[in-house]
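Only one structure is covered here, and it is reproduced in the block below.
The values are calculated or read from the model by the stated rules, or taken from the named source; none is laboratory data. Everything numeric in this text was worked out from a predicted model, so none of it was measured. Here the Cβ positions follow ideal geometry from the backbone for every residue, glycine too, while neighbour counts run over all protein chains shown. For accessibility, only protein heavy atoms count, side chains too; no ligands or nucleic acids. Shrake-Rupley method; radii C 1.70, N 1.55, O 1.52, S 1.80 Å.
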Amino acid sequence: MSPRVAVVGAGMSKFVRRAQETGKELSWIAAREALASCELKLTDVDAVCLTSAPDAFDGVHRKGDYLADGAGAWAKPYIRTYVGGGSGVFTAIQGWYTVASGLADVVVCVAEEKMSSCQPHPQGAFLTIFDNILERPLGPNLLWIFALEMQRYMQAYGLDKRDIAQVAVKNKRNAADHPAALLGQADITVEDVLASETLAWPVQRLDVSPISDGAVAIVMASEDAARKLTDRPVWVQGVGWNLDSTYWTNRDLAYPEYVENAARMAYGMAGVNEPRKEIHVAEPYDPFDYKELHHLEGLLLFDRGKAPEAAAAGVTARDGDLPCCPSGGLLGVGNPIAAAGLMKIAELYWQLREEAGARQVPGTPERGVAQAWGDLMQVGTVVVMGNDGGPLTTATQSPPPQSPPLNPRATSLSEQEFRSAAGAVEQRLDALYDWDAGDAIGTFLEGLREQRILATTCTSCGRTLVPPRRFCERCFRPTDGWAEVPQTGSVETFSICHVTWDMRPLEKPQIPAVIRLDGTSEGGFLHLLGEVAPDDVRAGMEVEAVWKPASDRAGSILDIMYFRPLEPELRRELAATAGAEAPLESTV
C-alpha cells in the first residue's frame, strides 16, 4: 500500500484575458496564497513541482526554469512537467509521487499559464502539434480536431447540438459564483449558445472556453505532516495517467479510451469499484462543452452516449445527484491551460472540506474525481480525492469554513492598456526547420508522387496502417511489408471551418475530414473535401482522391488536392484549397 498523501492547502490567482502580471508573478500569487491557506512559509517546503503549457505561449525556452523562482523553487529540488492540457492534474500526480516516495514531506505544486503573450492569437502556439509532413501542409488549426471529434461524438450517439450546449450554460452559470472567474454569466441560455458565431461547425464561440492568464497552486503533505498541519486533510486516494498514440485519425473519436484507462488506474488504487455510486462530485476537463460529456463517459460515470441525457435531467447540476464542474469549469472560470487542470484539484479540495461557499454542492461529499486531457486528444490524467481522515489529528481546529480562493488577484489589461503600458515589448521570433520524412513516410510520399496510396502491414495484430509506420506501436515490432490500398474511402467525421487559426473569417469555408480508406483495418488520415457543398457532406459519405497532374506532383500530401464524393450527383463546382490558391486540373 502506498504511503498516504494529502492536499492541505490551495490558492489561485484571478483568471483574466490578459494579465499585467508576468508568469513569474502569477505563480508567486498562487503559491503564496496556497502556503498562507495552511499557515506555512517557504522554509517549510521540501520540493516544488511546476507545470506550464507550451513554451511557445511565452516565447521563453525552458519556461520551467524561468518560472522557478516565482513558484518558490529557489535552492530546492524542482521539476517541471508538461503533458499538454493534462498537465495541471498531472502536476498533482507529480506532487503525490514526490511525497509518496519519501523524498519530501511538504511539496508545493504550481501550474501557470500566460496565453495572452502569443500574438496574434494563442492558437498559433499549437500549429506545430500536427504531423509536420502529412498534416501541417493542409493548414489545420486546433479548432479542426475539436470540431471533428465533437461531430463524431454527436453522430455516434444521435445527439443534437442543444444536448451539447446545455453544458456551456450550466458551467457559465456556476462560474457566476466563483470569485476568480473570467466568464461567469448567471443569465446565459441555450439559445445564446446556439446563436453564437460558428467557428468550425459544430463548434460555436460559446462552446469554447476563453483564452486566459492565471495560476493555481496546492500544498501536498505526507500523512505525518498533514496531521500536524490540519484537522481536515483531503487525501489523494488514487492517481492514474495514460497516453494514446499520436495517430489520432486511426482512433474512433467518439470515445476517449485513454481517459478510461487512466480512470481505471486511479479507481483501482482508490478501491473504487462502482464509480457512479462512489464518486460524489466530479471536475472533468471542459475546454469545450462536449468534452465534459465525453470525459464523464470516459471516467465511467455514465454509459457511452448517456452523459447528455443525464445532464438534461439535471443529474450533473450543482444540486444534482452527481454535481459536475460546480466551480464553473474552464468554460466559465477560464482556461489558462495548465492552471485550469490544477484548478480542478483545488476545487475538489475546497468542496471536500465544505469551504466552497456559493459553489458548495449539497450534502456532505466524501469523494471526488478530477480529470484533465490534452495534446492530440490522447492524454488522460485522473486523481481521486477523499476526506476520510482516520483518527483524530494533533492539529489545532481549523477556522470556520470560508469561501476560497479568498483573495484571487491578477490585473486585467485591455489591448489598449497593454499597448500603452511602460515596457510593453513586441518581438517576432522567426525560425526555420528542415524535416526528414523518415523511411516509412518517405516511401508513402514517393507513392503519392506516383498516384498510389501505400500502407504498411503488421501480421501480429492484423492491421493495415495508414499513415504507414516502420514499426507497430501496439506490438512494438517492425511492420512486415507494404500494400497498395484503394484511393477510395468514406468520411469518418468532418467539420465546416469558417475561420483561420487566428480567428480571421474565411471567404469560403474549408471542409476538413478524417477519411477512412477502403482496404485498411483502421487506416485513414486528415484531408480536405472538395467539389461538394457543405450542406451535402455526411458522415459515411463515400469519397475518392482527386490528384494533381503528374507533372505537378512533388511527393507531398498535397499531391492529393482533396477528396470528392463518389456519387456524381453530390459533386459541385467547388474546391478545397489544401494550401493552394486554386485547384489545378485534376486527375482521378
Legend entry - Modelled FRET efficiency - R0 51 Å, Thr488 with Arg276, Cβ distances, 0.05 increments: 0.75
Inset, instruction - Pop a pseudo-label 7 angstrom from the Cα along the beta-carbon direction at both Ala550 and Thr500 and give the gap in nm to one decimal. - result: 3.7 nm
Inset, instruction - Report, in deg cm²/dmol and to the nearest 500, the calculated mean residue ellipticity at 222 nm for the chain, where each DSSP H run with n ≥ 4 adds -39500 (n - 2.57) and the sum is divided by the residue count. - result: -7500 deg cm²/dmol
Legend entry - Solvent-accessible surface ranking, highest first, for Ser327, Ser556, Ser37 at 1.4 angstrom: Ser37, Ser556, Ser327
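Hey, what's the chain come to in accessible area per residue, 1.4 Å probe, Å²?
40 Å²
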Inset, instruction - Find the centroid of the Cα atoms in segment 152-220 and in segment 477-549, then give the distance between the two in whole Å. - result: 28 Å
Inset, instruction - Give, in whole angstrom and from largest to smallest, the semi-axes √(5λ) of the equivalent ellipsoid of segment 438-570, with λ running over the eigenvalues of the Cα gyration tensor. - result: 28, 16, 15
Inset, instruction - Return the long-range amide H neighbours of Gly524 (sequence gap of 5 or more, or a different chain), with a cut-off of under 5 Å between placed amide H atoms. - result: Val466, Leu517
Legend entry - Anisotropy class of segment 240-357 from Cα gyration tensor, a/c 1.5 cut: rounded
Legend entry - Whole-Hz couplings from phi, Karplus 6.51/-1.76/1.60, listed for segment 331-339; x for Gly and Pro: 5, x, 6, x, 9, x, 3, 5, 5
Inset, instruction - List, in order, the whole-Hz ³J(HN,Hα) value for each residue of segment 189-201 obtained from phi through the Karplus relation with A = 6.51, B = -1.76, C = 1.60 and θ = phi - 60°; use x for Gly and Pro. - result: 10, 4, 4, 4, 5, 5, 8, 6, 4, 7, 9, 8, 3
Inset, instruction - Calculate the length of the line joining the C-alpha centroid of segment 332-352 to that of segment 67-102, in whole Å. - result: 16 Å
Inset, instruction - For segment 51-64, just list the computed ³J(HN,Hα) in residue order, Karplus coefficients 6.51, -1.76 and 1.60, θ = phi - 60°, integers in Hz, with x standing in for Gly and Pro. - result: 9, 7, 6, x, 4, 5, 4, 9, x, 10, 6, 6, 4, x
Inset, instruction - Report the accessible area of Glu446, computed with a 1.4 Å probe over the heavy atoms of all protein chains in place, in Å² rounded to the nearest 10. - result: 80 Å²
Inset, instruction - Would you kindly state the longest site-free stretch of the chain, with sites defined as trypsin sites (Lys or Arg not before Pro) in a DSSP loop (not H, G, I, E, B) surrounded by at most 15 other Cβ atoms within 10 Å? - result: 63-303
Legend entry - the chain, accessible surface, carbon-and-sulfur percent (1.4 angstrom probe): 50 percent
